[in-house]
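For reference, the structure is listed below as structure tokens.
The values are calculated or read from the model by the stated rules, or taken from the named source; none is laboratory data. Since the structure is predicted, the reported quantities are computational estimates derived from the model, not experimental observations. When we count neighbours, we look across all protein chains shown, and the Cβ atoms used for this are built from the backbone with ideal geometry, even at glycine.
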Amino acid sequence: MRHLVLMAKAPRIGRVKSRLAKDIGQVGAWAFQRRTLFDVARKLKDDRWRCWLSVTPDRSRFEPRMWPKGWTLISQGDGDLGDRMLRPWLDLPPGPVVIVGSDIPDITATHIAAAFEALGENDLVFGPATDGGYWLVGAKRRPCPINPFAGVRWSSEHALNDTIANVPVGAKIGFIETLSDVDDEADLKRGAL
């Protein structure tokens, strides 16, 4: 079974997209985050993979009305972004796992299918982001003996290179299309919407 994990924060005013909120205000950032979360979840829901919505804060998992329908809710748990992305790799049932964020307006199910296809020939797959990070990471997980997320400088132009540096020599890495996520007003103005 293939597993798609969509990472998301509970859509609450003042608690989401803090960098974007500095530019367009808390209500604008909340509206963007909520709209994009529901749009991305709708576009990625597909019978070709099991859909998991990894949410934070953990207690929001028990408030299903705030989340898109048709996704199995799981908690992100404690730690930095790397800890929270590693958790599904370790905890979900067997099969390849692809993890994406909920702030990538241009993402489609075709991108997810391409990532799973790339995992047919590779141990890991990345969807690079225009800012030096990545919007998608996937792994075969048979088993996953490494933590590629240790020591990554998150929210920086180094995130992708730091993660790749953690991958053991000899592991095969694939890449799919580069997309933009939305972190601030400049991203919005660049047409990431």
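Residue check: is Ile74 of a type in the set (Val, Ile, Thr) and modelled with pLDDT of 95 or more? Yes. Kindly indicate whether Ser102 is crowded, with 16+ Cβ neighbours inside 10 Å, without any contact (Cβ under 8 Å) to a residue 60 or more places away in the chain and among the polar types (S, T, N, Q). No, not satisfied.
Could we say that Ile13 is β-branched (Val, Ile, Thr) and in contact (Cβ under 8 Å) with a residue 24 or more places away in the chain here? So Ile13 fails the test.
If I ask for residues that are polar (S, T, N, Q) and within 14 Å of the chain's Cα centre (by Cα), which ones from the stretch 106-129 would you list? Reasoning before the result, please.
Taking the stretch 106-129 as the starting set, the residues that turn out to be polar (S, T, N, Q) are 108, 110, 122.
Thr108 - this is the single residue of the stretch 106-129 that is polar (S, T, N, Q) and within 14 Å of the chain's Cα centre (by Cα).
Tell me whether the stretch 178-185 contains one or more residues that are touching a residue at least 24 places away in the same chain (Cβ under 8 Å) and loosely packed, with under 14 Cβ neighbours inside 10 Å. Looking through the stretch 178-185, at least one residue is touching a residue at least 24 places away in the same chain (Cβ under 8 Å) and loosely packed, with under 14 Cβ neighbours inside 10 Å.
Leu20 satisfies every condition listed in (1) out of contact with any helix residue (DSSP H, G or I) (no Cβ under 6 Å at 6 or more places or on another chain); (2) part of a helix (DSSP H, G or I); (3) of a type in the set (A, V, I, L, M, F, W, C) except (1). Determine whether Asp39 is under 15 Å from the mean Cα position of the chain (by Cα), touching a residue at least 12 places away in the same chain (Cβ under 8 Å) and over 25 Å from Asp162 (Cβ atoms). Answer is yes for this residue. The listed residues are Leu92, Leu6, and the only one of them that is within 29 Å of Leu188 (Cα to Cα), surrounded by 13 or more Cβ atoms within 10 Å (Cβ to Cβ) and aliphatic (A, V, I, L, M) turns out to be Leu6. In the stretch 50-73, the residue that is surrounded by the most Cβ atoms within 10 Å (Cβ to Cβ) out of those that are without any contact (Cβ under 8 Å) to a residue 40 or more places away in the chain and closer than 19 Å to Val16 by Cβ is Pro68. The one condition from (1) under 17 Å from the mean Cα position of the chain (by Cα); (2) within 29 Å of Ala21 (Cβ to Cβ) that Asp91 does not meet is (2). Every condition in (1) over 23 Å from Ser18 (Cβ atoms); (2) of a type in the set (D, E, K, R); (3) surrounded by 13 or more Cβ atoms within 10 Å (Cβ to Cβ); (4) at pLDDT below 95 holds for Asp131 except the one numbered (1). From the set of residues in the stretch 131-172 that are free of Cβ contacts under 8 Å to residues at least 40 places away in the same chain, among the aliphatic types (A, V, I, L, M) and part of a loop (DSSP other than H, G, I, E, B), which is nearest to Leu6 (Cα to Cα)? Filtering first and then ranking leaves Ile146.
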